[in-house]
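Colleague: What follows is a structure written as structure tokens; I'll ask about it next.
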Amino acid sequence: MSNATPSASPSAEPLAPGALNSPARVLTASVVGTTIEFFDFYVYATAAVLVFPTLFFPNNDPTTALLASFATFSIAFFARPLGAVVFGHFGDRVGRKTTLVAALLTMGISTVVIGLLPSYSSIGVLAPLLLALCRFGQGFGLGGEWGGAVLLATENAPPGKRSWYGMFPQLGAPLGLFLSSGVFWILLHFISQEALLSWGWRVPFLASIILIAVGLWVRLSISETPAFQKTIDSHERVAVPVAELFRHHKRSLALGTFVALATFVLFYIGSAYLLSYNIKVLQMPFLDALEVQLLGSVVFGIFIPVIGKLAERFGRREMLILTTVLIGIFSFFLPALMTNGEGTIFLFVVLAMMLMGMTYGLIGTALAAPFPTAVRYTGSSITFNLAGIFGASLAPYIATWLQANYGMTYVGYYLGVAALITLACILLSRKNEV
């Protein structure tokens, strides 16, 4: 196979119309897959707050146990770039469809195994080590899932519809968050907190078996994307996509990573950190805290298609700039919204997840835009998952530490700095790079 021409302009490589897959099948496959993947990912995030500190990290100090739980939570984000490189390589060499099936299985098996793990009281220190290994597997699988799902949608998009099609796989995040929070909410309505800690926490992880089967059925029913098929037919695949990226697309990788920074910081402050803050600091009952998270996931999901339509009309870059500025403004109000009781917490989650929907709905298409088809799977996956390391992996940990040591004002500063960095990188990017 010959190497792709380094100078090929991404914008000169339109995403081919005339797909073999119907729009309904493409969009269903992209959103179902990401919903399952993010359900698995967020089930862990919820359990990391509700049960893992007690079951896997027993400590006399609840804050220390929570920080240890969040540390294992962060492992997945460091595994995700590795998954992006490995699955991206096969996605750009073998094809989008086959690679997406493999990523789904990797993520799903890791999640099911978590549901079978014995706790610290049974096997001691081996329990958190096995939990960390499974969390690594979750991150490795998700590292290969997201980029492929976005390309499945955007590479089947008709001209002028990339932002709209690219929005659909992003819906998997709020749907996965809603389902994962909803499962724990339902469990706590039917079993006691003691039963949840004893056996109930395992149910969401084991239930992934059903979701995996559905996801595989949908994924196996689709054909390869037209854009990738064109790359095969014209012998444009590259031997080592990651080497091609770092040789010819370093600027796009660097800017893309930090274009997504504020997206990740905002989301994990508004989800995993907020859940722990409501329970540990505000002493909110588990059910009430989960209801806040359910509300946030609904608002998050509503604003993804809203921003998709606005981007088609006013431009994706322009909407990204506007949303990032609004996130920066919101950071100044964060301390007041989070420290004035439960009433303002609801306002906080509505505003945070509205902005989250607006930025997340655009970020998939934006991160795929700079890369030619031959390295697009690897490039978009690496930028997204590197952003996960810088913006998400330690966000709950950093926010918890800042709040405990310096107060909520510094959590606001943290989000504000992330928004400023993201805005600078958007402005530094050329128009066809976001």
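Values quoted throughout were computed directly from the atomic coordinates according to the rules given, and no laboratory measurement underlies them. Computed from a prediction, not measured in an experiment: that's the story for all the values here. Don't worry about glycine lacking a Cβ; one is built from the backbone with ideal geometry, like all the others, and counts go over all protein chains shown.
Colleague: With everything on Cα atoms, drop me the angle between helix 408-428 and the longest principal axis of the chain, reported from 0 to 90° to the nearest 10.
Modeller: Orientation of helix 408-428: about 0 degrees from the principal axis.
Colleague: If you put +1 on each Lys and Arg Cβ and -1 on each Asp and Glu Cβ, how big is the dipole of segment 119-255 around its Cα centre, in Debye rounded to 20?
Modeller: 300 debye
Colleague: So what's the angle, to the nearest 10 degrees on a 0 to 90 scale, between helix 316-338 and the longest Cα principal axis of the chain?
Modeller: 10 degrees
Colleague: Where a Cα-Cα gap under 23 Å defines reach, which lysines qualify for LYS230, not counting those fewer than 8 residues away within the same chain?
Modeller: Here the lysines satisfying the reach criterion relative to LYS230 are LYS97, LYS161.
Colleague: Then there is this: Calculate for the chain the 222 nm mean residue ellipticity that helices alone would give, adding -39,500 (n - 2.57) per DSSP H run of length 4 or more and normalising by residue count, nearest 500 deg cm²/dmol.
Modeller: Roughly -25000 deg cm²/dmol at 222 nm, from the helical runs in the chain.
Colleague: Still on this structure, please answer the following. Over the alpha-carbon set of segment 194-276, divide Rg by the Kirkwood Rh and report the Rg/Rh ratio to two decimals.
Modeller: 1.16
Colleague: Kindly express, to the nearest 10 degrees and within the range 0 to 90, the angle between helix 172-190's C-alpha long axis and the longest C-alpha principal axis of the chain.
Modeller: 20 degrees
Colleague: Here's something else I'd like to know. Give the span of the chain's Cα atoms along each principal axis, as three whole-Å numbers ordered largest to smallest.
Modeller: Principal extents (largest minus smallest coordinate, Cα): 62, 43, 36 Å.
Colleague: With the cut-off at 22 Å, report for segment 56-188 the share of all Cα pairs above it, as a whole percent.
Modeller: Value for segment 56-188: 49 percent of Cα pairs lie more than 22 Å apart.
Colleague: Cα gyration tensor of segment 126-196, axes a ≥ b ≥ c as square roots of the eigenvalues: rounded (a/c below 1.5), prolate (a/b > b/c) or oblate?
Modeller: In terms of gyration-tensor shape, oblate.
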